[in-house]
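I have placed the structure first, in the form of structure tokens, so that the comments after it can refer back to it.
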Amino acid sequence: MKLIRVDMTNATVTTRDVPEEFTNLGGRALTSLLINAEVPADCDPLGPDNKLIFAPGYFSATPLVNTSRLSVGAKSPLTGGIKESNVGGTVARDLARLGITAVVVEGRPEDGKTFVLKIDENGEASLADAGRIWGSRTYEMVEQIRDQLGPDYSVTGIGPAGEMQLSAASIQTTDFDGRPCRAAGRGGLGAVMGSKGLKALVVHKKGNAPAPLADPEAFKTAAREYARAVRADEFSGEVLPELGSAVLVAPINAAGALPTRNAREGQFEGADHISGETMAQIIRERGGKTTHKGCAQCIINCSNEYVDREGKYVTSSLEYETIWSMGAMIGNDDLDTIARLDFLCDDIGLDTISTGVAVAVAMDAGYKPFGDGRAAIEMLEEVAGGTDFGKVIGNGPVAVGKHFGHPRVPVVKGQSMAAYDPRAIQGMAVTYATSPMGADHTAGWVVDQSLEDFGGTLDRFSAEGQVEASRNTQIHMAAVDSVGICDFAQSGLAAPGGLENVCKMIAAKSGKAFTEADWTDLGTRVLKAERDFNRRAGFTSQDDRLAPMFYEEPLPPHNKVVIISDEEMDKTFDF
Amino acid sequence: MNVSVKLFGTLPRHVPGYDARSGLVVALPEGADVGRLIEQLGIPASRLGMVSVDGKLVKSSHRLQGGERVHVFQRIFGG
Ligand code: SF4
């Protein structure tokens with residue numbers, strides 16, 4: 001299997017076999033282990049020594065459903081630590097179909113040159129001058145590339161925010177319909193791509209050389225079983241197709257855990273207007289799509305197409321996190337404005353979470369009133385325009401806090417939290433605080449375990465059991481992110497015998513035995529590498545803490561603060 | 001006594017005639033609890049996530065007084 005190294009300093013490309021020590025790895029395991037091995041931990045994230053790594057999941061382009069996750073890794077300019085952010089669309093499948101296990105982008109052009117990296121149908125990679133594609137927003141970028149190369153390529157690239165190397169810049173990739181609406185949002189990886197002068201990675205979709213399966217029949221049998229479980233599950237088989245992740249708005253609001261107006265409250269009075277149920281109704285009435293396939297090989301179709309009153313496309317996949325960050329978090333209850341902000345983030349190449357929270361911090365500091373959607377749109381346009389204040393917003397919530405001298409900045413390791421307030425779900429406090437990624441909800445989502453009536457066993461306001469739950473989930477997720485299964489298809493793993501089934505597939509691909517203990521070892525190995533990198537980058541246990549506001553300000557309506565002690569936090573990773 | 005009920009997620013599929021805009025008014029015997037309400041609505045226990053009464057999450061043993069707003073949610077998963 002192939003590992004492509006792209007040296008941006010000399011504009012050269014070399015393709016080699018994957019080194020022995022990295023065989024049978026994919027996704028986050030590969031990006032994090034490579035970064036820990038090859039990137040100097042103290043390097044400038046935007047300098048030549050950082051590396052930007054793209055790696056499809058281990059299962060991408062196999063017969064298993066919902067496996068089109070691409071892990072993107074680097075040292076993060078937002079957190080200063082290691083970063084893996086993963087994204088759907090088709091690119092993971094496209095790379096894996098070409099037998100490409102990873103693309104490692106290193107160095108930096110000396111003279112401000114900019115490039116597009118193309119990988120053709122034979123898996124041959126080449127750099128070309130970006131020309132006038134540099135400077136475009138992402139929808140325009142995709143159009144220009146399609147004009148040049150035709151429709152058979154996926155496009156993964158940056159917008160103006162990444163070109164300006166702003167810390168909230170995302171890497172956008174094309175969805176199943178070829179729109180750049182799927183984002184590796186977190187950690188400012190778009191800025192790293194921009195620092196390397198790389199506008200886009202363009203990959204042919206019709207490769208025909210995927211990694212062989214050692215035992216194709218065993219793999220297919222297990223994959224069929226997995227798909228059956230995904231379809232049979234109520235949430236992935238029925239709820240997500242109809243409502244998408246936006247279905248979470250109402251219950252999380254009911255639980256008092258929906259951070260509102262820069263996390264001053266845990267319930268938003270406008271939640272009804274921005275709920276998944278309302279969104280689906282609006283989309284249906286206007287003739288948009290409530291059920292939409294966002295990623296290759298998906299059988300869930302959690303995505304949607306949001307349209308305006310005239311039925312014209314506004315954005316694709318209006319999701320829970322964005323509805324929160326551009327809705328409740330900034331006090332905005334207008335879905336049309338949220339959809340517009342979502343589109344602008346995709347088009348400018350910005351993480352919707354960090355950007356929404358940046359806007360929320362600015363509003364909290366008194367720059368504009370909460371709920372002023374027009375002001376939020378203007379702030380995003382300022383980012384695209386590269387004004388001084390636009391750069392502050394585009395550098396994320398910490399930069400905004402500094403700019404205004406405002407202390408209420410809901411972050412860990414410089415990265416903003418997501419749509420679950422840790423004061424109302426203590427387990428999320430542990431995940432946010434201890435994940436090597438900074439505050440990241442996907443790193444260890446323990447909400448279901450914490451809301452008792454969801455069948456959970458934890459008291460969400462008590463510290464008891466939270467550390468263990470978060471640890472186990474973080475280890476599990478590090479493995480999930482490595483095989484590249486979509487989070488929403490985890491019902492296949494949660495079903496009886498699900499994990500055993502996944503282990504069977506790993507063994508059936510690699511030809512080597514793989515047990516459930518190996519699964520835990522894989523997740524642990526990834527986390528160890530990530531923590532090792534962070535330690536060498538200067539992180540200590542003091543960085544495994546939430547922003548002071550979470551310990552000091554009780555969150556209405558439950559009026560709780562985070563009560564997990566520092567000692568308990570430090571027990572999360574006892575390795 | 002009556003309570004007004006709103007169903008979330010795909011739960012309306014289990015309650016024929018449910019209207020998403022107006023919700024539902026359900027008549028219950030005095031002193032009925034939330035569990036009794038769910039049973040009467042015909043929502044299978046396996047489909048139940050959580051229930052809030054006047055904005056607060058409650059358990060199924062919560063006794064209703066009449067006049068409350070009850071919101072019924074499905075099991076969720078996320079990330
Ligand atoms: S469930 Fe959603 S995010 Fe996951 S693969 Fe399908 S469309 Fe993509």
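The values are calculated or read from the model by the stated rules, or taken from the named source; none is laboratory data. Keep in mind the model is a prediction, meaning the values are calculated, not measured. Every residue, glycine as well, gets a Cβ built from its backbone with ideal geometry; the counts of neighbours run over all protein chains shown. The protein model used for the area step is the full one, side chains on, heavy atoms only, and it has no ligands, DNA or RNA in it. Shrake-Rupley method; radii C 1.70, N 1.55, O 1.52, S 1.80 Å.
Okay, here's what the table says:
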read-out: Residues (assigned to a loop (DSSP other than H, G, I, E, B) and among the small types (Gly, Ala, Ser)) located in region A:263-282; value: A:263, A:266, A:270, A:275
read-out: Output for region A:307-321, where each listed residue is without any contact (Cβ under 8 Å) to a residue 40 or more places away in the chain and open to solvent by 10 Å² or more (accessible area, probe 1.4 Å); value: A:308, A:309, A:310, A:311, A:312, A:313, A:314
read-out: Region A:24-65, subset β-branched (Val, Ile, Thr) and more than 26 Å from residue A:513 (Cα to Cα), residue nearest to the chain's Cα centre (by Cα); value: A:53
read-out: Selection from region A:461-490 of residues that are in a loop (DSSP other than H, G, I, E, B), open to solvent by 20 Å² or more (accessible area, probe 1.4 Å) and within 13 Å of chain B (Cβ to nearest Cβ); value: A:461, A:486
read-out: Leading residue by the ranking (farthest from residue A:494 (Cα to Cα)) among those in region A:418-436 that are in a loop (DSSP other than H, G, I, E, B) and away from chain B (no Cβ under 11 Å); value: A:423
read-out: Given (1) within 16 Å of the ligand (Cβ to nearest atom); (2) of a type in the set (Asp, Glu); (3) under 21 Å from residue A:177 (Cα atoms), number of the condition residue A:321 does not satisfy; value: (3)
read-out: Criterion: at pLDDT 95 or above and under 30 Å from residue A:407 (Cβ atoms) - qualifying residue of A:524, A:520, A:540, A:515; value: A:540
read-out: Odd one out for residue A:306 among (1) within 16 Å of the ligand (Cβ to nearest atom); (2) more than 17 Å from residue A:139 (Cβ to Cβ); value: (2)
read-out: Residue that is farthest from the other protein chains (Cβ to nearest Cβ) [pool: residues in region A:65-90 that are open to solvent by less than 10 Å² (accessible area, probe 1.4 Å), within 12 Å of the ligand (Cβ to nearest atom) and outside any loop (DSSP other than H, G, I, E, B)]; value: A:70
read-out: Region A:9-33 residues that are buried (at least 16 other Cβ atoms within 10 Å of the Cβ), paired with ones that are of a type in the set (Asp, Glu) (beta carbon under 6 Å, 6 or more apart); value: A:27/A:481; A:28/A:84; A:28/A:481; A:31/A:84; A:32/A:84; A:32/A:530
read-out: Residues of region A:222-262 that turn out to be away from the ligand (no atom under 14 Å from the Cβ), touching a Phe, Trp or Tyr at 6+ places or on another chain (Cβ under 8 Å) and either in a helix (DSSP H, G or I) or hydrophobic (A, V, I, L, M, F, W, C) (or both), as a count; value: 8
read-out: Strands (runs of 3 or more DSSP E) enclosed by chain B - at least 3 residues per element that are within 11 Å of another protein chain (Cβ to nearest Cβ); value: B:48-53, B:56-58, B:69-74
read-out: Answer residue from region A:142-177, given it is open to solvent by 10 Å² or more (accessible area, probe 1.4 Å) and within 16 Å of the ligand (Cβ to nearest atom) and is farthest from the other protein chains (Cβ to nearest Cβ) among those; value: A:177
read-out: Set A:513, A:439, A:507, A:443: member being more than 16 Å from the ligand (Cβ to nearest atom) and in a helix (DSSP H, G or I); value: A:507
read-out: Residue that is farthest from the ligand (Cβ to nearest atom), among those in region A:274-291 that are surrounded by fewer than 21 Cβ atoms within 10 Å (Cβ to Cβ), away from chain B (no Cβ under 13 Å) and not small (Gly, Ala, Ser); value: A:286
read-out: Unmet criterion (only one of (1) facing chain B (nearest Cβ under 10 Å); (2) open to solvent by less than 20 Å² (accessible area, probe 1.4 Å); (3) within 16 Å of the ligand (Cβ to nearest atom)) for residue A:493; value: (1)
read-out: Complete set of residues in region A:32-64 that are within 16 Å of the ligand (Cβ to nearest atom) and hydrophobic (A, V, I, L, M, F, W, C); value: A:59, A:61, A:64
read-out: Every residue from region A:302-330 that is of a type outside the set (Phe, Trp, Tyr) and within 14 Å of another protein chain (Cβ to nearest Cβ); value: A:302, A:319, A:321, A:322, A:323
read-out: Set A:336, A:364: member being surrounded by fewer than 19 Cβ atoms within 10 Å (Cβ to Cβ) and in contact with a Lys or Arg (Cβ under 9 Å, 6 or more places away or on another chain); value: A:336
read-out: Answer residue from region A:255-266, given it is open to solvent by 10 Å² or more (accessible area, probe 1.4 Å) and more than 16 Å from residue A:334 (Cα to Cα) and is nearest to the other protein chains (Cβ to nearest Cβ) among those; value: A:265
